[in-house]
Amino acid sequence: MNTLYFDHNASTPVLPRARDALLLALDEGFGNPGAPHAYGRRAKAFVEVARGQVASLLGAAPDEIVFTGGATESSNLALRGTALLAGVPWLTLLTSAVEHPATVEPAKVLQRQGATWIRLPTTAAGTVDEAAGLEAIGALQGPAIVSLILAQNETGVIQPVARLAAAAREKGAVVHVDAAQAVGKIPVSVEALGADLLSVAGHKLYAPKGVGALYVRRGTRIAPLVVGAGHEGGLRPGTENVSSIAALGAACALAAEDLEREAARQRALRDRLEMHLATGGFVVHGAGSERLPNTTNGRFPGARGGALLDAVPAIAATTGSACHAGEEQPSAVLTAMGLAAEEALGAIRLSLGRGTTEADVDRAAAALVAAAARLSAGC
């Protein structure tokens with residue numbers, strides 16, 4: 001296809017190294033990892049190598065990694081599994097106003113079950129209001145979970161997780177970090193963040209879809225959401241997806257090798273893209289904040305995001321809005337940042353990846369600027 005792929009925050013292609021690991025595990029790791037014979041031991045070896053690779057990227061111990069079906073499952077397990085032991089009606093859950101649905105929807109479930117859910121306001125720069133967060137954390141009483149996204153999936157804005165987590169842990173709260181968009185793009189250290197629980201998505205860092213991980217700090221009490229045999233420390237029953245787990249491990253190993261170099265390359269491309277887009281009046285959302293090196297979210301005044309992307313079918317990207325029954329709805333993330341609904345409806349998100357080149361950036365920018373000019377002129 002000649003389409004330029006600028007939607008790496010939605011999903012990434014599977015890296016050759018990850019694909020090779022997957023195929024090798026399919027061929028040689030077909031045994032059940034729980035079986036005591038040679039075939040089972042071979043399958044288990046693939047899983048444990050991957051566990052070490054994921055742990056190494058996060059600065060964790062291998063026995064603190066639980067493999068799941070993806071970051072949504074990881075976040076559900078983190079929030080609802082912690083709540084099961086804490087006692088939901090007495091629980092306080094504190095999040096930002098710019099969380100991913102993988103956090104928002106479990107929070108709604110817990111709220112319906114009686115938990116108190118506090119959503120922290122967001123600044124115009126796209127970061128959680130730190131002063132409000134510290135005040136809310138200081139007022140916590142009883143069992144509590146503080147769950148924060150590390151890198152916002154739409155804007156790429158990086159949140160002040162470590163400072164809020166330190167305050168939360170002093171109050172005895174459990175800290176969960178949704179790092180799905182961050183792992184593999186920026187350094188993520190569970191110790192530096194102060195995370196008790198941390199969610200990882202395989203398909204955001206060049207592993208297949210349908211595999212992820214949850215970091216569980218030693219000593220953190222959490223209950224399984226699904227019961228069965230004792231797989232994954234009893235937290236995620238069911239025979240492990242050995243081949244996809246092996247691919248996730250390989251992707252994490254590669255990320256650990258060249259994280260800083262690749263981040264710098266993508267940041268330079270992102271800045272080049274924004275420079276070209278600015279010639280057409282492009283306004284970057286969260287421009288004053290630290291952001292993921294690969295992500296830009298913004299708008300051309302006078303152009304709807306959906307119409308703009310429809311006008312440039314050679315570019316695969318997304319808008320900052322969702323469509324429900326044919327009607328566009330402004331992004332809740334952008335409106336939480338203070339954008340008017342009409343401004344939010346103009347948003348597009350462009351997310352770069354390992355395969356993005358300068359030529360791709362230049363071609364995409366030229367096409368978007370030209371299309372925005374036509375739309376703004378009513379052509």
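A 1.4 Å probe run over the stretch 187-233, with the rest of the protein chains in place, finds 40 Å² accessible per residue. Only lysines eight or more places from Lys209 in sequence, or on another chain, were considered; those with a Cα closer than 23 Å are Lys44, Lys185. Each of Gln113 and Ala377 was given a label point 7 Å from its Cα along the Cα-to-Cβ line. The distance between the two points is 5.8 nm.
Looking at the chain, send over the antiparallel percent of its DSSP beta bridges, to the nearest 5.
Of all bridge pairs located within the chain, approximately 55 percent are antiparallel.
Rg and Dmax over the alpha-carbon atoms of the stretch 1-78 stand at 15.6, 49 Å.
When you count, for each residue, the other Cβ atoms within 10 Å and take the mean per peptide, how do 287-297, 27-37 rank with the highest first?
In decreasing order of mean packing, 287-297, 27-37 become 287-297, 27-37.
Figure legend: label point modelled 7 angstrom from the Cα of Glu328 along Cα→Cβ; residues of the stretch 342-364 with amide N under 17 Å from it are 342-350. Each peptide in 47-59, 359-371 was scored by the mean count of other Cβ atoms within 10 Å over its residues; highest first, the order is 47-59, 359-371. Rolling a 1.4 Å probe over the protein heavy atoms of the chain, with every protein chain left in place, gives an accessible area that is 56 percent carbon and sulfur.
Overall shape: oblate for the stretch 89-170, with the ratio a/c of the largest to smallest alpha carbon gyration tensor axis at 1.5 or above and b/c at least equal to a/b.
Counting 0.36 nm for each residue step from Glu48 to Arg169 and taking away their Cα separation leaves a gain of 40.6 nm.
Full extension of the chain between Ala256 and Gln141 gives 37.5 nm of extra length, using 0.36 nm per residue less the Cα-Cα distance.
Suppose the chain between Thr3 and Lys209 were pulled fully straight at 0.36 nm per residue; how much longer would it get relative to their current alpha carbon spacing?
The span from Thr3 to Lys209 would gain 72.0 nm if fully extended.
Overall size of the stretch 159-253 from C-alpha positions, given as principal axis extents largest first: 39, 32, 16 Å. Taking a ≥ b ≥ c as the square roots of the eigenvalues of the alpha carbon gyration tensor, the stretch 126-210 is prolate, as a/c is not under 1.5 and a/b beats b/c. Ordering of 255-266, 231-242 by packing is 231-242, 255-266, highest average first (other Cβ atoms within 10 Å, averaged per residue).
Please work out whether the chain counts as rounded, prolate or oblate from its C-alpha gyration tensor, where a ≥ b ≥ c are the square roots of the eigenvalues and a/c under 1.5 means rounded, while otherwise a/b larger than b/c means prolate and anything else oblate? Here the chain falls in the oblate category.
The values are calculated or read from the model by the stated rules, or taken from the named source; none is laboratory data. Quick caveat: nothing in here was measured; it's all calculated off a predicted structure. Heads up, the Cβs are rebuilt from the backbone with ideal geometry, glycines too, and the neighbour counts pull from every protein chain shown. Heavy atoms of the whole protein, side chains included, go into the accessibility calculation; ligands, DNA and RNA do not. Shrake-Rupley method; radii C 1.70, N 1.55, O 1.52, S 1.80 Å.
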